[in-house]
Amino acid sequence: MNFVKRAGLSLWSRRARTLITLCTFLVISVMVLAGVLINDATARAEQQAKRSVGAEVNLEPDLENLGGANGGGLQAPAMDAATADKLGELPQVQKYTYSMWDRGILKGGAELVPGGAAGGMGKGGTATVGVLDSSLLPGFRSGSHKLLSGHHLTAAGKDKRQLLIEERLARKNGLKAGDTITLGNNEGTSTADFTVAGVYRDPRPDDEPDPEYAVSPANMLYASVGGFARFSSGSGGGPLQVGRATFLLQDADRLDAFEEEAERLAGGQLDGFALDANDKAVRQMTGPLKSISTTATVAMWLTAVAGAAVLALLVSLAVKQRRVEYGVLLAMGEKKSRLIAQQALEIVVVAALALGIGSLFTESLTQSAGRSLLGAEAAETRRKLDSWQAPPPGSTGLDQGIDQNDRPVENADPIDEITVRLDPGDLATVSAVGLGIGLLATAVPAASVLRLSPRTILTKGK
């Protein structure tokens, strides 16, 4: 009788042991397959989040390296706008903007909205930010700022003298889109008329100073970068210099390639700047995914290792129970290699059956378990985000243990749902793991078979 037929008869005649082995393999296959499915689903969700949000790279002054070694004053670095444009034209970049700022002084009878830091910018003075594309400012991107009328400042009109003003400032001075407002530059040497390109709304109260410019949000001005920079400097010549830039990448996975190209193109102009990847939104969205993925991976490997140990024990006991059978077969001339092959075949058949049964319901089971685990993790993350409170106006929050970097990103809710999909590749992976566990489980008993002596078994029994 060949060993294949013997394996089938052995499995049928020892149905109790076969059932125990089948249940063990079923638990292993379900747990391992569930771990693989959760990892695949979370990886797809994370990749989709990265592509939907993209990656934001900020070119900002490197505050740690500003100033001279002799203790001199800080000097903000600047980059040619032409160089920033080259970086923005790289294939990895989807959109970009850059900015500079200076004090702008309202003239011609225009007045500021009361509130914010008193006297910080002088009479009629307020922070004026020259920007290439105002739609890419953080407030507009997050949705907290809303353009009420007019249009955004764009690259097409960067050399024009245009302004975006907040609705409270517009209301106080009776201004609307298309009107003109007179500004004086920081040096007080000249004035110029700027056209109101648009009116926007900032939800922050009047008395909550902007954390960066320390002026009332109602008085923040945004200007076309080229027109304002040349007016502010008092000179129409010389290259346009910018102090900050933001690059929105098409794919977060292309971040390294962008940084390499940026260093090559900008060269020494990057001195004093830091290229910081702001993937906070992606991390906030995918935090729960990483948590359940880690849990699933740990559970998968613990189950696989424990299952291999249990199977090895079961097969070892089976070898001891079948010593007489093996002794008779060896005495009849059966090869030891065929006995080992019979053991391996029995394990493989049971493993294949368990995998087939498990694949019928593991997908739906994993979907339910993943939804429950991820929902709990996402709810906990949202609770932590909602509990964050901004420091009071005029305070950095450091004395209260509040870190501004922990401020939640708006419109970046934690992902609370994944879609589990059983692919042929997943089945192949689990089959390989099951085969490995089965072969490992038969390795120790196989050594026992190789040491069997038919004379000793038949004369001394068990």
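Bear in mind these aren't lab numbers, they're just calculated from the coordinates by the rules spelled out. None of these values were measured; they are calculated from a predicted model. Virtual Cβ from ideal backbone geometry, glycine too; neighbours counted across all protein chains shown.
To make sure I understand, if each residue's beta carbon is the centre and we count other beta carbons within 10 Å, what order do Trp12, Trp301, Trp101 fall in, fewest to most? Walk me through the numbers on the way to the answer.
On the way: Trp12 9, Trp301 14, Trp101 21.
Result, fewest neighbours first: Trp12, Trp301, Trp101.
Charges at C-beta only: +1 for Lys and Arg, -1 for Asp and Glu. How large is the resulting dipole of the chain about its Cα centre, in Debye rounded to 20?
Working: 47 positive and 50 negative charges, 750 e Å.
My answer is approximately 3600 debye.
Taking the Cα centroid of the stretch 240-291 and of the stretch 1-52, what is the distance between the two, rounded to the nearest whole Å?
Cα centroid of the stretch 240-291 versus Cα centroid of the stretch 1-52: 43 Å apart.
Please compare each pair in Lys158/Lys280; Lys50/Lys280; Lys50/Lys86; Lys107/Lys146 to a cut-off of 21 Å on the Cα-Cα distance and tell me which ones are over it. Show your work: numbers first, answer last.
Details: Lys158/Lys280 30 Å; Lys50/Lys280 11 Å; Lys50/Lys86 24 Å; Lys107/Lys146 26 Å.
Beyond 21 Å between Cα atoms: Lys158/Lys280; Lys50/Lys86; Lys107/Lys146.
Give the order of Ser372, Ser29, Ser293 when sorted by the count of other beta carbons within 10 angstrom, beginning with the fewest.
On the way: Ser372 11, Ser29 29, Ser293 23.
Final ranking by Cβ density, sparse to dense: Ser372, Ser293, Ser29.
Ranked by Cβ crowding within 10 angstrom, fewest neighbours first, how are Leu314, Leu339, Leu9 ordered?
Numbers: Leu314 17, Leu339 23, Leu9 11.
Fewest to most other Cβ atoms nearby, the residues stand as Leu9, Leu314, Leu339.
Mind checking which aspartates and glutamates have their C-alpha under 13 Å from Lys384, skipping anything on the same chain fewer than 8 residues away?
Asp406, Asp413
Round to the nearest 0.05 the FRET efficiency obtained for Val324 and Phe361 when R0 = 45 Å and r is the Cβ-Cβ distance.
On the way: r = 40 Å, r/R0 = 0.89.
Efficiency for this residue pair is about 0.65.
Toward the positive end of the charge dipole of the chain, about the Cα centre and with charges on Cβ (Lys, Arg +1; Asp, Glu -1), which of Ser149, Val30, Pro454 goes farthest?
With unit charges placed on the Cβ atoms, the residue in question is Pro454.
What is the distance, in nm, between label points placed 7 Å from the Cα along the Cα-to-Cβ direction at Glu89 and at Lys335?
For Glu89 paired with Lys335, the spin-label model returns 7.2 nm.
Contour minus end-to-end for Asp386 and Ser190, with contour as 0.36 nm per residue of separation and end-to-end as the Cα-Cα distance?
Working: separation 196, 0.36 × 196 = 70.56 nm, distance 4.75 nm.
Here the segment from Asp386 to Ser190 would lengthen by 65.8 nm.
Among all the aspartates and glutamates, which ones have a C-alpha under 19 Å from Lys172's C-alpha, if same-chain residues fewer than 8 places away are not counted?
The reachable aspartates and glutamates, counting only those whose Cα sits under 19 Å from Lys172, are Glu111, Asp193, Asp202, Asp206, Asp207, Glu208.
If you take every residue apart from Leu289 with its C-beta less than 9 Å away from the C-beta of Leu289, what net charge results, scoring Lys and Arg +1 and Asp and Glu -1?
Details: positive: Lys290; negative: Glu46, Glu377.
Counting the neighbours of Leu289, the net charge comes to -1.
Within a Cβ distance under 13 Å of Leu37, other residues only, what is the Lys/Arg minus Asp/Glu net charge? Before the final figure, lay out the partial values.
On the way: positive: Arg44, Arg371, Arg421; negative: Asp40, Glu363, Asp423, Asp426.
Result for the neighbourhood of Leu37: -1.
Among the lysines, which fall within straight-line cross-link reach of Lys320, defined as a Cα-Cα distance under 19 Å, with same-chain neighbours fewer than 8 residues apart omitted?
Lys335, Lys336, Lys460, Lys462
Residues in the stretch 15-56 near a label at Ala257, defined as backbone nitrogen under 15 Å from the 7 Å Cα→Cβ point?
51, 55
Any idea how far apart Ala428 and Ala379 come out in nm if each label point goes 7 Å out from Cα toward Cβ?
According to this spin-label approximation, the distance is 3.9 nm.
Among Leu249, Thr286, Gln269, which residue has its Cα positioned farthest towards the positive end of the charge dipole of the stretch 236-304, with +1 placed on the Cβ of Lys and Arg, -1 on the Cβ of Asp and Glu, and the dipole taken about the Cα centre?
Thr286
If N is the number of residues in the chain, what value comes out of its Cα radius of gyration divided by 2.2 N^0.38 Å?
Working: Rg = 34.9 Å, N = 462, 2.2 N^0.38 = 22.6 Å.
Against the empirical 2.2 N^0.38 Å value, I get 1.54 for the chain.
What FRET efficiency would be calculated for the residue pair Asp206, Ala299, taking the C-beta separation as r and a Förster radius of 56 Å, to the nearest 0.05? If you can, show how the numbers build up before the last one.
Working: r = 54 Å, r/R0 = 0.96.
Calculated value: 0.55.
Evaluate the relative contact order of the chain (contact order divided by residue number), counting alpha-carbon pairs under 8 angstrom at least 6 apart; express in whole percent.
Reported as a whole number, the value is 26 percent.
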